[in-house]
Amino acid sequence: MNNETIIFSSGNPGKIKEVQSIFKDFEFSIVPQSNIGIQKSAEETACTFVENALLKARYVASKTDHSVIAEDSGLVIDLLDNEPGVFSARYAGENSTDQENINKVLENLKQKNLNQSPAKFIAVVVYISNPNDPIPIIKHGEIIGTVSSKCSGTNGFGYDPIFYPDGSTKTLAEIAPEIKNSISHRGIAFRALLDILK
Ligand code: IMP
């Protein structure tokens, strides 16, 4: 590893793939925390994306001399009182699968006699140079669309198969990964961060 190595505080393979692809044309190499022997992630005990991203970043920064990037993201559905929100990864319970989380969203919509609803994905990205960095760089991205019981596609991860970006007849799981990165909450937030790091 060299000076341009940044550790990515995440154990989510879907996220890691997307973020490494966003970084591929830049001089920094982004290395998942597991590559430096960190298997466990910080507990996400806060109620906002930004606080959880900071918790994740500081946890990994306390175990390495490299700079750290962390990202907290999730699906926000107004008609479900902003759920699943910061609980997106564990909406149907700790260690729940993507399919179980999708089922819970669709079940909760059904209870309100809905088979679709406006929704958005939010991502907050944090960069710190050390665990006590007093000036974290924080960037935010979002993508607006509709969640629908018309589940389709196998690309991506998480709630992608039920999320139709505004203006698209395809879900995020049906479009190519490069296209998803060009419009997604994560792509927007990471490119804003990269503009500063460059
Ligand atoms: P966390 O940021 O690790 O707490 O988890 C974010 C969770 O939000 C993921 O596990 C997914 O369930 C969901 N999520 C975040 N971004 C995406 C995305 O791009 N597509 C689909 N689901 C996502």
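Of note:
- Put simply, of Ser129, Ser88 the only residue that is at pLDDT 95 or above, under 21 Å from Leu197 (Cα atoms) and among the hydroxyl-bearing types (Ser, Thr, Tyr) is Ser129.
- Comparison of Val76, Val105, Val124, Val86 shows that the only residue that is within 16 Å of the ligand (Cβ to nearest atom) and in contact with a His (Cβ under 9 Å, 6 or more places away or on another chain) is Val124.
- Residues that are among the aliphatic types (A, V, I, L, M) and open to solvent by 30 Å² or more (accessible area, probe 1.4 Å) were ranked within the range 172-191; the one that is farthest from Asp98 (Cα to Cα) is Ile188.
- Close pairs from the range 105-118: first within 12 Å of Ser149 (Cα to Cα), partner in a helix (DSSP H, G or I) and of a type in the set (A, V, I, L, M, F, W, C), Cβ under 6 Å, at least 6 apart: Asn108/Leu80; Ser117/Leu79; Ser117/Leu109
- Top-ranked residue in the range 127-144 [being aliphatic (A, V, I, L, M), more than 11 Å from the ligand (Cβ to nearest atom) and touching a residue at least 40 places away in the same chain (Cβ under 8 Å); ranked as least open to solvent (accessible area, probe 1.4 Å)]: Ile128
- All positions within the range 1-31 that are within 13 Å of the ligand (Cβ to nearest atom) and not small (Gly, Ala, Ser): Phe8, Asn12, Pro13, Lys15, Ile16, Lys17, Glu18, Val19, Ile22
- Screening Lys63 on (1) part of a loop (DSSP other than H, G, I, E, B); (2) within 10 Å of the ligand (Cβ to nearest atom); (3) touching a residue at least 12 places away in the same chain (Cβ under 8 Å) shows it passes everything except condition (2).
- Those residues of the range 151-171 which are in contact (Cβ under 8 Å) with a residue 24 or more places away in the chain and either crowded, with 21+ Cβ neighbours inside 10 Å or touching a strand residue (DSSP E or B) at 6+ places or on another chain (Cβ under 9 Å) (or both), in sequence order: Gly156, Gly158, Tyr159, Pro161, Ile162, Phe163
The values are calculated or read from the model by the stated rules, or taken from the named source; none is laboratory data. Fair warning: this is a prediction, and the values are worked out from it, not measured in the lab. No Cβ is skipped: glycine too gets one built from the backbone with ideal geometry, and neighbour counts run over all protein chains shown. Surface accessibility is based on the protein's heavy atoms, side chains included, excluding ligands, DNA and RNA. Shrake-Rupley method; radii C 1.70, N 1.55, O 1.52, S 1.80 Å.
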